[in-house]
Amino acid sequence: MNKKRLIVAFSGPSNSGKTTAIVKVSSILNDGGFKVCIIKHDPKDKAVFDREGKDSFKFSQTGADVAVVSPNKTTLFKKSTSSIDEMVELFQDFDYLLVEGLKTLELPRISIFRERLDESYFSVSNAIACDETINKNEIPDSIDILNLNNPEEIILWINKNAKRV
């Protein structure tokens, strides 16, 4: 069966609800029988691979790229950054690729806000998902407004606006 191969990005300030929104969207899509892949941007290089003392940690400390293959998953740890094209190639078989962060990528983008808007996101946003704490009149007319608490509405927007690869 042919996969949809739709890519969309989510941005927003820390603690705006990006991860929660992505988890809700991904869960609904998975329950609907779709294959979902998620890429998380780690701009501060804080993500750790496995835990100290574990073999994979020892391997990665050598500077090598490491892949851990187990019956139910493959974990890849590469010592260099990856382009979105490389990630698409790596995942290949997906319906939805959800990207958290990576504001510089030219992708259809939903920015997420609670409590306050950050206008620096407007230029990279195609849609804004927010809750009732945000004054929607402050959002430019060129940007779609979505209900942050309605993941189905976010999925409808993704189906219509995501980049097909």
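Overview of values
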item	result
Karplus-derived 3J(HN,Hα), 6.51/-1.76/1.60, for each residue of segment 109-125, Hz, glycine and proline x	9, 9, 9, 10, 9, 9, 6, 8, 7, 10, 5, 5, 8, 4, 5, 10, 9
Greater than 19 Å apart at Cα, pairs in K18/K54; K35/K79; K18/K103; K18/K40; K18/K44	K18/K54; K35/K79
Calculated FRET efficiency for the pair E106/D50, C-beta based, R₀ 30 Å, to 0.05	0.35
Solvent-accessible area per residue, Å², over the chain with all protein chains present [probe radius 1.4 Å]	62
Calculated Rg and Dmax of segment 1-103 using C-alpha coordinates, Å	15.1, 42
Built amide H within the under 5 Å cut-off of I38, gap 5+	L98
Table column - 3J(HN,Hα) (Hz), segment 53-69, Karplus curve with 6.51, -1.76, 1.60, x for Gly and Pro	x, 7, 4, 4, 5, 4, 4, 5, 5, 6, x, 6, 6, 10, 10, 10, 10
For segment 148-157, 3J(HN,Hα) per residue [Karplus equation, 6.51 cos²θ - 1.76 cosθ + 1.60, θ = phi - 60°, Hz, x = Gly/Pro]	4, 8, 10, x, 5, 5, 5, 5, 4, 5
Total charge dipole magnitude, the chain, about the Cα centre, Cβ charges on Lys, Arg, Asp, Glu only, Debye to nearest 20	440
Accessible area of the chain belonging to carbon and sulfur atoms, whole % at 1.4 Å probe	48
Check: segment 48-99 dipole with +1 on Lys, Arg Cβ and -1 on Asp, Glu Cβ, in debye	360
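The values are calculated or read from the model by the stated rules, or taken from the named source; none is laboratory data. All values derive from a computational prediction rather than experimental measurement. Using ideal geometry, Cβ is built from the backbone for each residue, glycine included, and neighbour counts are taken over all protein chains shown. Just so you know, the surface numbers come from the protein's heavy atoms only, side chains and all, with ligands and any DNA or RNA stripped out. Shrake-Rupley method; radii C 1.70, N 1.55, O 1.52, S 1.80 Å.
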